[in-house]
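For reference, the structure is listed below as structure tokens.
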Amino acid sequence: MRLDRFLSGQTALSRKELTAEIRRGAVTVNGAAVRRPEAAVDPQKDAVTLHGAPVVYSEFHWFLLHKPAGVITASRDPKQKTVLDLLQPQDRLPKLFACGRLDLDTSGLLLITDDGVQSHKMLSPKHHVAKYYLVQLSEPFKREYIDLFRSGILLREGEREEPCLPAECEAVSERLAVLELHEGKYHQVKRMFAAAGNHVEKLMRFQVGGLQLPPNLPAGSYLNIFNKDVEKLFEKSCISDACAFCVQNYSSYWIKDWN
Ligand code: URA
């Protein structure tokens, strides 16, 4: 692989900036400065540094973000702050995008990646990757929601009504519930509770597949995650375990908010 191509996939600098850095000797390969952008490197074997810092090769990159409410899920926006703006400049790699979407007022686990194949797999209903949400309702939770959601509640899609895939839910307290979805229709959680006669006041996603939002990761912060964690997305999960995690780590903060 060419040295400039190797670097452009691993740093936030443009190809032009990288060419300039290489030419002025800021890049070393196996300890020696290499000033030719077209020089060949083996990503698996060669040790590359830029400004003295090692550049570790990874074909794809994944960031686990604790999205705060008030930030939009978009790559760029002329007026509003986007989830990509929350990344440090050195992490703003060229091909990153948000894997799925959380509404402006929704917080929680959002993945940012440049891995199109795995992100498609995570989002496609065919692969049944569960997404878990903590929901604060304006009216008390009713037991009838459990069967209603399990049987595939109908949502209006233009002229027609279409059923959602079966979804599980559990009450956490009088007005807090956990919902497990296997698809991602537009405003789905809010529309499902609206169709059931309730209203979502506050929404947070705390788990995708077996990957949980780390409780010590503040809103607006993120982690670089690697294979072991990415694989957790495709691990089996269930609502009772997700609910226990949520109750232990998140729901109490929301209950405190009410007081
Ligand atoms: N469902 C919603 O209604 N909003 C989100 O942000 C995610 C799921």
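What single numbered condition from (1) farther than 24 Å from Gly184 by Cα; (2) within 27 Å of the chain's Cα centre (by Cα); (3) free of Cβ contacts under 8 Å to residues at least 12 places away in the same chain fails to hold for Lys81?
The single condition Lys81 does not satisfy is (1).
Within the group Tyr186, Tyr253, Tyr222, which residue is of a type in the set (Ser, Thr, Tyr) and within 14 Å of the ligand (Cβ to nearest atom)?
It is Tyr186.
Need pairs with beta-carbon distance below 6 Å; first residue in a helix (DSSP H, G or I) and open to solvent by less than 70 Å² (accessible area, probe 1.4 Å) and within segment 227-240, second at pLDDT 95 or above and of a type in the set (D, E, K, R); sequence gap 6+ or separate chains.
Note: pairs meeting the criteria are Ile239/Glu168; Ile239/Glu170; Ile239/Glu180.
Looking at segment 166-178, can you tell me whether even one residue there is surrounded by fewer than 17 Cβ atoms within 10 Å (Cβ to Cβ), of a type in the set (Asp, Glu), in the same structural domain as Met122 (by TED's automatic domain parsing) and within 13 Å of the ligand (Cβ to nearest atom)? If you could, list the steps in order and put the result at the bottom.
As a first pass, look at segment 166-178 and keep what is surrounded by fewer than 17 Cβ atoms within 10 Å (Cβ to Cβ): 166, 173-174.
Next, from what is left, pick out any that are of a type in the set (Asp, Glu): 174.
After this cut, where a residue has to be in the same structural domain as Met122 (by TED's automatic domain parsing) as well, the list is 174.
Now narrow it down to the ones that are within 13 Å of the ligand (Cβ to nearest atom): none.
No, that holds for no residue.
Pairs please, first residue from segment 194-219 and among the aromatic types (Phe, Trp, Tyr), second anywhere and within 13 Å of the ligand (Cβ to nearest atom), Cβ atoms under 6 Å, 6+ apart in sequence or on different chains.
Phe206/Gly108; Phe206/Tyr132; Phe206/Leu134
Would you check which residues across segment 79-126 are open to solvent by 10 Å² or more (accessible area, probe 1.4 Å), part of a helix (DSSP H, G or I), among the hydrophobic types (A, V, I, L, M, F, W, C) and within 16 Å of the ligand (Cβ to nearest atom) and list them?
Listed by number, the list holds a single entry, Leu123.
Out of Val208, Val200, which single residue is over 12 Å from the mean Cα position of the chain (by Cα), among the hydrophobic types (A, V, I, L, M, F, W, C) and surrounded by 13 or more Cβ atoms within 10 Å (Cβ to Cβ)? Explain how you work it out, then say what you get.
On the way: Val208 fails: over 12 Å from the mean Cα position of the chain (by Cα).
Testing whether each residue is over 12 Å from the mean Cα position of the chain (by Cα), among the hydrophobic types (A, V, I, L, M, F, W, C) and surrounded by 13 or more Cβ atoms within 10 Å (Cβ to Cβ) leaves just Val200.
When segment 1-25 is examined, which residues are found to be charged (D, E, K, R) and under 17 Å from Pro54 (Cβ atoms)?
Across segment 1-25, the qualifying residue is only Glu21.
Suppose we filter Arg150, Arg143, Arg156 for residues that are open to solvent by 90 Å² or more (accessible area, probe 1.4 Å), within 16 Å of the ligand (Cβ to nearest atom) and within 21 Å of Ala195 (Cα to Cα); which single one remains?
Exactly one residue qualifies, and that residue is Arg156.
Might you let me know whether segment 58-65 holds any residue that is assigned to a loop (DSSP other than H, G, I, E, B), out of contact with any Ser or Thr (no Cβ under 7 Å at 6 or more places or on another chain), open to solvent by 30 Å² or more (accessible area, probe 1.4 Å) and farther than 17 Å from Asp114 by Cα?
no
The values are calculated or read from the model by the stated rules, or taken from the named source; none is laboratory data. Treat the numbers as computed from the prediction; the structure is a model and nothing was measured. Neighbour counts are summed over all protein chains in view; Cβ atoms, including those assigned to glycine, are modelled from backbone coordinates with ideal geometry. Each accessible area value is taken on the protein alone, full model and side chains, heavy atoms only, with ligands, DNA and RNA left out. Shrake-Rupley method; radii C 1.70, N 1.55, O 1.52, S 1.80 Å.
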